[in-house]
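What follows is a single structure, written as structure tokens, with notes after it.
The values are calculated or read from the model by the stated rules, or taken from the named source; none is laboratory data. All of these numbers come straight from a predicted model, not from anything done at the bench. A quick note on method: Cβ atoms are made from the backbone with ideal geometry, for glycine too, and the neighbour counts reach across all protein chains shown.
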Amino acid sequence: MNSKNISYEIIAREIPSVIRNCSKCKRNTEFYCSEKFRVNANQKMVDVWLIYNCVCCESTWNYPIYSRVHVNKINSELHKKFMGNDKSTIWHYAFQISRLRNLCSDVNTEICYELRKEKELQSMMQNTTISIRSQYEFGLRLDKLLAEILGVSRTKIATFVQDGLLVLPPHVKPKSKVVDHLHIAIIGNWYADKLK
Ligand SMILES: [Zn+2]
């Protein structure tokens, strides 16, 4: 039987907010991304920040992107994107979760996303590969995603992996985070097993 491939694309619908101390609220609060850069040039030295605001009091937190970098060291196309608040550039920095975690108390990665599939999984589908694309990585767990795709519980996903019905890439576990370009193989007639 020919093997088949079904692609799924995870489309983030919002930017993760961050949790950090607000000096005005005098406690940890949630800060949302304003989707605006702030660029400061002091002679030839440039600072670039992405601006976040406290949800309670609108106080500003500047997320440092470049600090005191010589203007010649910043690619001119990128500089234009900072100046024009280019959306994909903003999202690129706003999804640098580990960098943000180092700067804040926490990052709220429970964001809305859309799962776009090219076609439905067919009930008689055998030896199929599920390909996952995700432009932005935000810590979504693979078992949660596969449960959503296959319409089963997370426990079932773990069992399928254990039984070799679902084959994950080496070093990837059901509890691993979803990254771009993941390929998961469905072996045999998994649907028959699902219905048992
Ligand atoms: Zn505040």
LYS26 being within 16 Å of the ligand (Cβ to nearest atom), more than 28 Å from TYR113 (Cα to Cα) and exposed (fewer than 14 other Cβ atoms within 10 Å of the Cβ): yes
Have a look at LYS73, LYS36 and point out the one that is in contact with a strand residue (DSSP E or B) (Cβ under 9 Å, 6 or more places away or on another chain) and free of Cβ contacts under 8 Å to residues at least 12 places away in the same chain. LYS73
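To keep it simple, each residue is scored yes or no on (1) modelled with pLDDT of 95 or more; (2) under 30 Å from ILE130 (Cα atoms); (3) among the small types (Gly, Ala, Ser).
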| position | (1), (2), (3) |
| --- | --- |
| CYS22 | yes, no, no |
| ASN28 | yes, no, no |
| ASN40 | yes, no, no |
| PRO64 | yes, no, no |
| VAL71 | no, no, no |
| PHE82 | yes, no, no |
| THR89 | yes, yes, no |
| TYR93 | yes, yes, no |
Report yes if SER7 is modelled with pLDDT under 95, under 30 Å from ILE132 (Cα atoms) and either out of contact with any Asp or Glu (no Cβ under 8 Å at 6 or more places or on another chain) or within 16 Å of the ligand (Cβ to nearest atom) (or both), otherwise no. no
Given TYR8, TYR52, TYR32, which one is within 30 Å of HIS183 (Cβ to Cβ) and in a strand (DSSP E or B)? TYR8
Report whether or not ARG116 is among the basic types (Lys, Arg) and part of a strand (DSSP E or B). yes
Run down ILE51, ILE90, ILE65 and say which single residue is within 24 Å of GLU30 (Cβ to Cβ), of a type in the set (Val, Ile, Thr), in contact (Cβ under 8 Å) with a residue 60 or more places away in the chain and touching a strand residue (DSSP E or B) at 6+ places or on another chain (Cβ under 9 Å). ILE90
Near pairs, Cβ below 8 angstrom, 6+ apart or cross-chain, from region 125-144 (assigned by TED's automatic domain parsing to the domain that holds ILE97) to any residue that is surrounded by 20 or more Cβ atoms within 10 Å (Cβ to Cβ): none
For the list (1) away from the ligand (no atom under 14 Å from the Cβ); (2) within 17 Å of TYR136 (Cβ to Cβ); (3) polar (S, T, N, Q); (4) touching a strand residue (DSSP E or B) at 6+ places or on another chain (Cβ under 8 Å), I need the number of the one condition that SER17 fails. (1)
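Yes or no, residue by residue, for (1) away from the ligand (no atom under 16 Å from the Cβ); (2) under 20 Å from SER17 (Cα atoms); (3) aliphatic (A, V, I, L, M); (4) loosely packed, with under 11 Cβ neighbours inside 10 Å:
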| site | (1), (2), (3), (4) |
| --- | --- |
| LYS44 | yes, no, no, yes |
| ASP47 | yes, no, no, no |
| ILE51 | no, yes, yes, no |
| CYS54 | no, yes, no, no |
| CYS57 | no, yes, no, no |
| TRP61 | no, yes, no, no |
| PRO64 | yes, yes, no, no |
| ILE74 | yes, no, yes, no |
| GLU77 | yes, no, no, yes |
ILE90 fails exactly one of (1) closer than 22 Å to GLU137 by Cα; (2) of a type in the set (Val, Ile, Thr); (3) out of contact with any Asp or Glu (no Cβ under 7 Å at 6 or more places or on another chain), namely (3)
If I filter region 104-118 for residues that are modelled with pLDDT under 95, out of contact with any helix residue (DSSP H, G or I) (no Cβ under 8 Å at 6 or more places or on another chain) and among the hydroxyl-bearing types (Ser, Thr, Tyr), do I get at least one hit? no
